[in-house]
Amino acid sequence: MIWTKRRRRGARIEVGAGRCTGRYAGGMLKILHVGLGPLGRAMVADLHGRGLGEVVGAVDTDAALAGRRLSELVPGAGRAVRVAGSLESLGALRGIDAAVVTTSSDVRACEATFEQLLGRGLPVVSTCEELVWPWLRHAALARRLDRLARRRGGRLLGTGVNPGMMMDALPVFATAVCRSVRSIEVHRFQDASTRRIPFQRKIGAGLSRREFAAGVRAGWLRHVGLGESMHLIAACMGWRIDRWSESIGPMIAARAMRCGLGPIGAGRARGVRQTARAESGGRVVIRMDFRAAIGLQEPEPQDRVIVRGEPDLDVVYRGGVHGDVATSAITLNCLGPLMAAAPGLHTMASIALPRWAPGR
């Protein structure tokens, strides 16, 4: 059976047995994009390049961007669109089908944006890492956003390559072929040499050990999401986490090298390693190992999921999944499934299975 949801302008999203199109039958999606850093601009370019939709409204609080034509920042984007400095300056937001938010890793930093968009009944997909499982650090706020979305007909989803896919949704999906599961182990090893500059900065590339430690204490130097990924996995597997822990430390350059931020001297940080583990019922049920470093060769860059159960599974993506490309792709590919979902705050486990969405 195929069920169909109607949207404005005759749009149709179909999800059901034999079909999961995620297509917008009334024409290309009209998107409001909030956040035009390197990732946001790449996503706007992908949206237009793939023929999935067009950005009809753009917002960034950077004074250097406000007022500029979007086409100046992203060739191929509509010349008629000018970057607004705030959501309020856009007015009523009529004719917009969905919003994409690529601003901050912190749910609280995105709170006002989410509230304004949900208050207008929009589906919102965001790369905010904490939003992948917001109940971990912001339970009261998550409940409030969920209530607002349900009341006004909005939808909210946090996703990305990680968290959102490689270290949580993918491991959960892998267990579908298991009769039983005792534990899940996830590894993500990345060569950050080809990643965008903000990512290289976030992993501490080029810092001294003291500077690295200071960045960790300040909270800006870290991969955000291991805790969220573990709790998403645990919720899907029916495991109650009794205790969990996370560690972080620098990966040190043995020789001089360079990255997008400049030279890295021997003995300075070239990246970060974070590990995490979660216990349930007195045993470790989830382990995670995240490494991102300039020039990573040993261990080999890869994404790997190990499931201990019946049967045991060892799934490896050799070379790893490129984070910048994949983050843009999965965010856009989740628009259809989110628009087809019921109003409320969603996770990757509560929407229809995302997949590559064909454009026009």
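What the table shows:
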{"item": "Selection from the range 274-297 of residues that are of a type in the set (D, E, K, R), surrounded by fewer than 18 Cβ atoms within 10 Å (Cβ to Cβ) and within 11 Å of D191 (Cβ to Cβ)", "result": "none"}
{"item": "Residue that is modelled with the lowest pLDDT, among those in the range 334-360 that are surrounded by 19 or more Cβ atoms within 10 Å (Cβ to Cβ) and more than 15 Å from R155 (Cα to Cα)", "result": "A357"}
{"item": "Unique match (being in a strand (DSSP E or B), under 22 Å from L353 (Cβ atoms) and either under 25 Å from the mean Cα position of the chain (by Cα) or of a type outside the set (S, T, N, Q) (or both)) among V272, V305, V321", "result": "V305"}
{"item": "Residue ID - surrounded by the fewest Cβ atoms within 10 Å (Cβ to Cβ), chosen from residues in the range 36-47 that are under 12 Å from S328 (Cα atoms) and touching a strand residue (DSSP E or B) at 6+ places or on another chain (Cβ under 8 Å)", "result": "G40"}
{"item": "The range 1-51, residues that are closer than 21 Å to L117 by Cα, modelled with pLDDT of 50 or more and of a type in the set (A, V, I, L, M)", "result": "M28, L29, I31, L32, V34, L36, L39, M43, V44, L47"}
{"item": "Those helices (runs of 4 or more DSSP H) lying entirely in the range 183-256 with at least 2 residues at negative phi, surrounded by fewer than 21 Cβ atoms within 10 Å (Cβ to Cβ) and free of Cβ contacts under 8 Å to residues at least 12 places away in the same chain", "result": "209-218"}
{"item": "Enumeration of residues in the range 69-97 that are closer than 16 Å to E54 by Cα, in a loop (DSSP other than H, G, I, E, B) and either touching a residue at least 60 places away in the same chain (Cβ under 8 Å) or of a type in the set (A, V, I, L, M) (or both)", "result": "V74, A77, A80, V81, L93, G95, I96, D97"}
{"item": "Output for the range 46-67, where each listed residue is aliphatic (A, V, I, L, M) and within 17 Å of I96 (Cβ to Cβ)", "result": "L47, L52, V55, V56, A58, V59"}
{"item": "Which listed residue, of A109, A169, A149, is at pLDDT 95 or above, buried (at least 24 other Cβ atoms within 10 Å of the Cβ), within 19 Å of the chain's Cα centre (by Cα) and small (G, A, S)", "result": "A169"}
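The values are calculated or read from the model by the stated rules, or taken from the named source; none is laboratory data. All values reported here derive from a predicted model rather than from experimental measurement. Positions of Cβ are backbone-derived with ideal geometry, glycine not excepted, and every protein chain shown enters the neighbour counts.
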